[in-house]
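Student: Quick one: the structure is below, and I'll ask about it shortly.
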Amino acid sequence: MIITVASFKGGVGKSTTALHLAAYCQQLAPSLLVDGDLNRSALDWASRGQLPFKVVDEKQGVKFARNYEHIIIDTPARPTPDDLKTIASGCDLLILPTSPDALALGATLQMVDALHSLEANYRILLTLIPPRPSKAGSEARNAIKNAQLPLFKTGIRRLAVFQKAALKGVPVNLVKDPYANAAWDCYVKVGQEILP
């Protein structure tokens with residue numbers, strides 16, 4: 001399966017999502033993470049530690065792809081219309097991560113509008129959901145549902161343990177932290193919605 005993670009806005013957990021979905025998929029079958037982000041966030045994450053899957057840039061992706069059952073692609077933020085067309089047609093599922101703030105949701109709706117003419121198979125993933133008593137996550141979820149847009153049942157909580165994982169160069173499930181299991185469980189549930 002080819003899963004692409006894309007967003008019109010940076011800072012919404014795009015690379016974190018791509019990396020953790022690769023970690024989930026690796027538990028099922030050999031998986032490859034292709035880092036097409038200009039910041040090379042996934043490659044930088046990989047350089048700090050030990051990831052249980054291979055990470056390559058988009059130029060190497062073609063060479064390695066045939067050896068893997070699942071390919072997860074992290075894309076540059078704000079793809080051009082031509083890039084978006086290529087991204088949408090070149091994957092089985094396009095994941096659009098968005099935090100629940102107005103700017104990120106607005107950018108996601110712009111991307112959805114651009115995808116309508118492309119007949120893309122996409123789903124929105126709410127990320128960086130703040131803890132209670134904030135209602136931002138549930139309000140954003142309701143707004144997306146009311147717009148009748150495809151949305152993952154699971155959302156990703158805003159937890160500091162994700163930053164710890166990035167610093168150590170490992171997926172969050174390999175960090176010794178009281179919140180590591182809760183953070184990993186978010187991505188396991190998303191992974192199960194994609195590949196049960």
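Student: Given a 1.4 Å probe and every protein chain left where it sits, what share in percent of the accessible area of region 1-89 is carbon and sulfur? List each step's numbers first, then the result.
Tutor: Details: 2120 of 4160 Å².
Answer for region 1-89: carbon and sulfur cover 51 percent of the accessible area.
Student: Can you tally the lysine pairs in region 71-196 where the Cα-Cα distance is under 25 Å and the two residues are eight or more apart, or on different chains?
Tutor: Going through region 71-196 pair by pair, I get 12.
Student: Per DSSP H run of n ≥ 4, the term is -39500 (n - 2.57); total these for the chain, divide by its residue number, and report the mean residue ellipticity at 222 nm rounded to 500 deg cm²/dmol. List each step's numbers first, then the result.
Tutor: Values: 8 runs with 86 residues, N = 196.
Computed ellipticity for the chain at 222 nm equals -13000 deg cm²/dmol.
Student: Next question. Can you tell me the order of 26-37, 181-192 when each peptide is scored by its average per-residue count of other Cβ atoms within 10 angstrom, highest first? Write out the running numbers ahead of the final one.
Tutor: Working: 26-37: 20.4, 181-192: 18.0.
Ranking, from highest mean packing down: 26-37, 181-192.
Student: Can you list, bin by bin at 5 Å, the percent of alpha carbon pairs in region 1-72, starting at 0?
Tutor: 3, 18, 30, 28, 16, 4, 0
Student: Among Ser31, Ile72, Pro133, which residue has its Cα furthest toward the positive end of the charge dipole of the chain, with +1 on Lys/Arg Cβ and -1 on Asp/Glu Cβ?
Tutor: Pro133
Student: If each Cα of the chain is one equal point scatterer, what is log10 of I(q)/I(0) from the Debye formula at q = 0.12, 0.13, 0.16 Å⁻¹?
Tutor: Here log10 of I(q) over I(0) equals -0.54, -0.64, -0.99.
Student: Say we join alpha carbon atoms closer than 10 Å with springs in a Gaussian network model of the chain; which of Gly13, Gly137, Gly106 then has the biggest fluctuation?
Tutor: Of Gly13, Gly137, Gly106, the most mobile in the Gaussian network model is Gly106.
Student: Given contacts defined as C-alpha pairs under 8 Å and at least six residues apart, what's the relative contact order of region 34-115, whole-number percent?
Tutor: The value is 30 percent.
Student: Dipole size in debye (nearest 20) for the chain around its Cα centre, Lys and Arg Cβ +1, Asp and Glu Cβ -1? Please report the intermediate quantities before stating the final value.
Tutor: Numbers: 22 positive and 17 negative charges, 120 e Å.
It works out to roughly 580 debye.
Student: Next up: So if I place +1 on the C-beta of Lys and Arg and -1 on the C-beta of Asp and Glu, and nothing else carries charge, what would the dipole magnitude of region 1-115 be about its Cα centre? I want it in debye, nearest 20. Intermediate values should be presented prior to the final figure.
Tutor: Values: 10 positive and 12 negative charges, 47 e Å.
So the dipole magnitude of region 1-115 works out to roughly 220 debye.
Student: Among 160-167, 142-149, how do they line up from the highest to the lowest mean number of other beta-carbon atoms within 10 Å?
Tutor: On the way: 160-167: 18.1, 142-149: 12.4.
For the peptides 160-167, 142-149, the packing ranking is 160-167, 142-149.
The values are calculated or read from the model by the stated rules, or taken from the named source; none is laboratory data. Please read these numbers as outputs of a predicted model, since none were measured by experiment. Positions of Cβ are backbone-derived with ideal geometry, glycine not excepted, and every protein chain shown enters the neighbour counts. For the accessible areas, the whole protein counts, side chains as well, though only heavy atoms, and no ligand, DNA or RNA atoms are used. Shrake-Rupley method; radii C 1.70, N 1.55, O 1.52, S 1.80 Å.
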